[in-house]
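Structure first, commentary second.
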């Protein structure tokens, strides 16, 4: 920094110190606004990525006839109720289709302490079959499909403090309900995936069929499974089948087969598209939030103008003294713009703290509600653009009071005369 | 022949009154100061003393005439050039000292040098030591007595080693003892720095201490005609 630049910065710094209260209040309002803008944009982007790309190792969900979105929300995100069940035969048929790399049956409808219990099979945890997004066992082992054993998602284990060896009692329904008689023993805990899988309790699907009070209607009539009696495939039913394909071409074929030509089942494919459509539909909410936050930022910026412009009146004499000492009009204007930019910079820096705070709170809420984890440290363009825009906006706001400083006349504003 | 520090020739300055009439404030046919010379300019309020100092310092441009200071015709320079020139060549002691309130004594003095080039912090410290304020370098103006503020103002006027120091009623706010001390300080430090000194004052106790005294009522023909400054 040159000596002259330093002297201008010294002037700006001292002025900010002299007006510490208004500087702090203005910087605080800018920090809140910029933090909010960054948080809205970053949460929006991270949520979209998490819900559309990173949430599941599967390509499609097959379920009862109904809404694709409901199907995805229920079976992938565990947020909705099941639209109905599919007969076991449909699962077997789709599993046998060439090009289907994996078809995993899902049976839902119970919970343990508010966390959904999912009946499935051990292939759900087969990384070779499903790829890198497959949930991995962190402690213990995968359940034995013939026993009453359970595997807990990482979030469930953390929240309930259940460990390998703990006994659990599923309850009927996805939220509350009467407790089933069956005991399940926890035999494994999954490593965190930062996806909805972390919020599930996994048991063998056979266990779900045999849970007391459960009725199977796959054969058209009600069937209650009896102890030591093999359940005929004809009566079995599943809530959904999660599918992974060898190629997208099969997705097109199945889409045509189930959604366009069929009447009994719905294929949600690709899962990312279904969720992207949801985000597109909710996009207006993001835009409104961003607009409100941006307006808050503008109001904050306007307060820079107000505080500096008001201060100009009492600073006219000080500025006239500086002019008399040899300061040029442009230098004084530069000082005012520097002050405005500095206030905005303080606001932008404070904005990071606000951003981090909002992200931490949002992360906990989103994780508790969906299992998806936001990363406050993750980079996003808004983290650079918003502060830069704010500083530029702040400097621009300094132009009006700077113009007032420019117009200070030594002879008029210095006084008194003799 | 010694080159003059200050030469005014046929300087005139006027303002437009609110009713549109032209008011002549200054009409000075000539005024000259030699290097190191100390001159008092006497005149009652309203005779254009401050306007004359502003014209000499290049704060305002005269309507006519030439104002040569240290060989430069200030009246011909544009405003930015006059500002830069003033910072380098003229020291100004204001009637009310006009120290900057948010700045320490040392910063008040050093800041004046920043507009003339690189900050002369060492010289600012030296001058403050010379005026007995070495122990008050970090004091803000409101923590200093009136006499101490005056000394800071004198040090500030001299920090750029100007060839000309202008003082506008430099003892106006001081009691008798402080006024004497301040004037002696101003004169001594100007002498030590070989700077010419032009003091305007309506206080006879100040004026009578100078060997050369000019009467503004006579020097300024506009004042002689009774115009209001």
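Values quoted throughout were computed directly from the atomic coordinates according to the rules given, and no laboratory measurement underlies them. Predicted, not measured: the structure shown is a model, and the values here were computed from it. Cβ sites come from the backbone with ideal geometry, for glycine too, and all protein chains shown count toward neighbours.
General remarks:
- Partner shielding of B:88-95 amounts to 3, given as the average count of beta-carbon atoms from other chains within 10 Å of each residue beta-carbon.
- Kirkwood Rh in Å, taken over region A:187-318 so that all alpha-carbon pairs contribute: 21.6 Å
- Nearest-ten-degree value, helix A:3-18 long axis tilted from longest Cα axis of chain A: 80 degrees
- Kirkwood Rh in Å, taken over region A:101-226 so that all alpha-carbon pairs contribute: 14.6 Å
- Relative contact order, percent, region A:60-269 [alpha-carbon distance under 8 Å, six or more residues apart]: 32 percent
- As a length-normalised measure over Cα pairs under 8 Å and 6 or more apart, the relative contact order of region B:94-224 settles at 25 percent.
- Sites residue A:183 and residue A:288 - FRET efficiency at Förster radius 35 Å, r taken between beta-carbons, to 0.05: 0.10
- With Cα atoms as the point set, region B:76-229 shows a radius of gyration and Dmax of 16.0, 50 Å.
- Angle between chain A longest axis and helix A:271-281 axis [Cα atoms, degrees, rounded to 10]: 40 degrees
- Ordering of A:199-209, A:358-368, A:279-289 by burial proxy (mean other Cβ atoms within 10 Å per residue, highest first): A:199-209, A:358-368, A:279-289
- Residue-averaged 222 nm ellipticity for chain A, from DSSP H runs of 4+ at -39500 (n - 2.57), nearest 500: -16500 deg cm²/dmol
- Among beta bridges identified by DSSP and lying wholly in chain B, the antiparallel ones come to about 50 percent.
- For residue A:234 and residue A:298, a Förster radius of 51 Å and the Cβ-Cβ distance give a FRET efficiency of 0.20, rounded to the nearest 0.05.
- Computed on chain B, with alpha-carbon pairs under 8 angstrom and 6+ residues apart, the relative contact order is 31 percent.
- Peptide B:53-63 has a mean of 2 when you count, residue by residue, the C-beta atoms of other protein chains within 10 Å of its C-beta.
- Considering only region A:60-269, percent of DSSP beta bridges that pair antiparallel, nearest 5: 80 percent
- Average projected area [Cα convex hull, region A:60-269], square nanometres: 11.0 nm²
- Kirkwood estimate for region A:1-111, i.e. one over the average of 1/r between Cα atoms, Å: 19.6 Å
- Once the convex hull of all Cα atoms in chain A is built, its volume per residue stands at 172 Å³.
- Partner chain coverage, peptide A:315-325 - average Cβ within 10 angstrom: 6
- Translational diffusion of region A:299-418, µm² s⁻¹ [Kirkwood Rh, Cα pairs; Stokes-Einstein; 25 °C; 0.890 mPa s]: 147 µm²/s
- Antiparallel %, DSSP beta bridges [both residues in chain A], to 5: 80 percent
- Angle between chain B longest axis and helix B:146-158 axis [Cα atoms, degrees, rounded to 10]: 70 degrees
- With contributions of -39500 (n - 2.57) from each DSSP H run of at least four residues, the per-residue ellipticity at 222 nm computed over chain B stands at -10000 deg cm²/dmol.
- Three-way shape label, region A:170-255, alpha-carbon gyration tensor, a/c 1.5: oblate
- By the Stokes-Einstein formula, at 0.890 mPa s and 25 °C, region B:96-163 with its Kirkwood radius over alpha-carbon pairs has D equal to 216 µm²/s.
- Förster radius 60 Å - calculated FRET efficiency between residue A:79 and residue B:101, Cβ distance, rounded to 0.05: 0.45
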